[in-house]
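Peer 1: If you scroll down you'll find the structure; I have some questions about it.
Any read-out appearing in this document is the output of simple, stated calculations on the displayed coordinates, not a laboratory observation. Please read all numbers here as calculations on a predicted model, not as lab measurements. Cβ coordinates were reconstructed from backbone atoms using ideal geometry, including for glycine residues, and neighbour counts include every protein chain displayed.
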Amino acid sequence: MRSLLFVPADSAKKLEKGMGSGADALIVDLEDSVALDVKPRARESAAAFLKEATPATPRPYLIVRINGLQTGLIDADLDAIAPARPDAIMLPKAEGGSSIVHADAKLAVREAMSGLPDGSIKIIAIATETAAALFRAGSYAGASARLSALTWGAEDLSADLGAEANRDAYGQFLDPYRLARTLCLAAAAAAAVTAIDTVYVDFRDSDGLRRECEEARRDGFTGKMAIHPAQIPIINAVFTPTPEALARAQAIVDAFAANPTAGVVGIDGVMYDRPHLARAARLIGRAAPTKS
Ligand code: COA
Ligand code: MG
């Protein structure tokens, strides 16, 4: 998934617009973009939307961001939306593998009650929203087969840290958030799931967005979350492997296939070893957009 567009669950108009936005995934939001007294109506709206949207083909991957385990809202969220069978839930304010085990158990109960196959609803976790979460980033591996991706957030983390800002005057993330970003990348790699970059909130600044996408791709993120439809074409463009990158990856795969016992090959005067092969195979695997 290259682009994942947040849509507040209580906005029928934006849900409709999101479906036609070209985003690889929609994140129907029940958390921060929905006020507390609107949550019951937002749950109903999310469930109704999912029932209508899931049978469509092609369609974006459909995710619901529920409220966190600490809020007392999560059970009502899951009761409302699990029967409508989203592809995944997004778990905010996750604090390591134990949060995933907890959410996994809650999903398993709802799947059984709705007659859905066990494990069918995946989990994407936001892994850096509290200070405690940073210290548990290394504990996601093996927590649940549902865990399919990790992402990170700077807004809630800055609130938890008591910070005045999370970016400098030039728009670059400050140190605590660069650490959170790096921990998300490492946590995802250690758990063998994909890493998705956080949102770029200044939705009129397409140059800034493009730069941040390029930095994310360079460092190993395979997609980025969005808050506005105008961000989707930029994110999709940057995270779609270029024909040149694909050709280079194919050449590496071909060279190893032609020399199955080799640990290292040379192509055009450059050395490639096994880690390059793994990276090339991953790039080729990503080239087909993930639409269901
Ligand atoms: N998904 C789908 N459609 C969206 C959208 C989104 N995230 N954001 C904006 N749109 C639609 C608007 O409804 C508008 O539609 P229209 O032309 O038919 O009227 C169009 O895109 C242009 O929107 P624009 O006027 O530029 O922005 P806005 O002022 O209406 O909305 C936000 C700005 C930030 C409120 C809006 O982008 C939004 O709700 N984003 C998601 C917020 C969110 O979920 N945050 C939680 C995660 S951090
Ligand atoms: Mg938040």
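Peer 1: Using Cα pairs closer than 8 Å and at least 6 residues apart in sequence, work out the relative contact order for the chain, in percent.
Peer 2: Values: 528 pairs, mean separation 48.8, N = 292.
This gives 17 percent for the chain.
Peer 1: Explain nothing, just the number: relative contact order of the stretch 46-170, from Cα pairs under 8 Å at least 6 residues apart, as a whole percent.
Peer 2: Numbers: 206 pairs, mean separation 27.4, N = 125.
Answer for the stretch 46-170 is 22 percent.
Peer 1: Tell me, how many Å apart are the Cα centres for the stretch 25-56 and for the stretch 77-128?
Peer 2: Result: 15 Å between the Cα centres.
Peer 1: Separation between the R178 and A12 pseudo-spin-labels, each 7 Å from Cα along Cα→Cβ, expressed in nm?
Peer 2: For the pair R178/A12, the computed spacing is 4.8 nm.
Peer 1: I'd like the FRET efficiency for D273 and D168, computed as 1/(1 + (r/R0)^6) with the beta carbon distance as r and R0 of 35 Å, rounded to 0.05. Spell out each step's value before the answer.
Peer 2: Working: r = 38 Å, r/R0 = 1.08.
My answer for the efficiency is 0.40.
Peer 1: Report the rotationally averaged projected area of the chain based on its alpha-carbon convex hull, in square nanometres.
Peer 2: On the way: hull surface 66.7 nm².
Spelled out: convex hull of the Cα atoms, projected over all directions, averaged, 16.7 nm².
Peer 1: Any idea how far apart K51 and R282 come out in nm if each label point goes 7 Å out from Cα toward Cβ?
Peer 2: In this crude spin-label approximation the distance works out to 4.1 nm.
Peer 1: Right, another one. Quick one: what Rg and Dmax do you get for the stretch 143-285 from the alpha carbons, in Å?
Peer 2: Just the Cα atoms of the stretch 143-285 yield Rg and Dmax of 18.0, 56 Å.
Peer 1: Let me ask another. Compute the angle between helix 206-219 and the longest alpha-carbon principal axis of the chain, please, reported from 0 to 90 degrees and rounded to the nearest 10.
Peer 2: The answer is roughly 60 degrees.
Peer 1: Can you figure out the FRET efficiency of E214 with A145, using R₀ = 22 Å and their beta-carbon distance, to the nearest 0.05?
Peer 2: Details: r = 32 Å, r/R0 = 1.47.
Calculated value: 0.10.
Peer 1: Same structure, new question: Would you give the gap between the C-alpha center of the stretch 130-156 and the C-alpha center of the stretch 222-271, rounded to a whole Å?
Peer 2: Rounded to whole Å, the Cα centres lie 26 Å apart.
Peer 1: A190 to V253: FRET efficiency via 1/(1 + (r/R0)^6), r the Cβ-Cβ distance, R0 35 Å, to the nearest 0.05? Could you put the intermediate results ahead of the total?
Peer 2: Working: r = 25 Å, r/R0 = 0.71.
Between A190 and V253 the formula returns 0.90.
Peer 1: May I pose another question? With contacts defined as alpha carbon pairs under 8 Å and 6 or more residues apart, what's the relative contact order of the stretch 1-40 in percent?
Peer 2: On the way: 46 pairs, mean separation 18.5, N = 40.
Rounded, it is 46 percent for the stretch 1-40.
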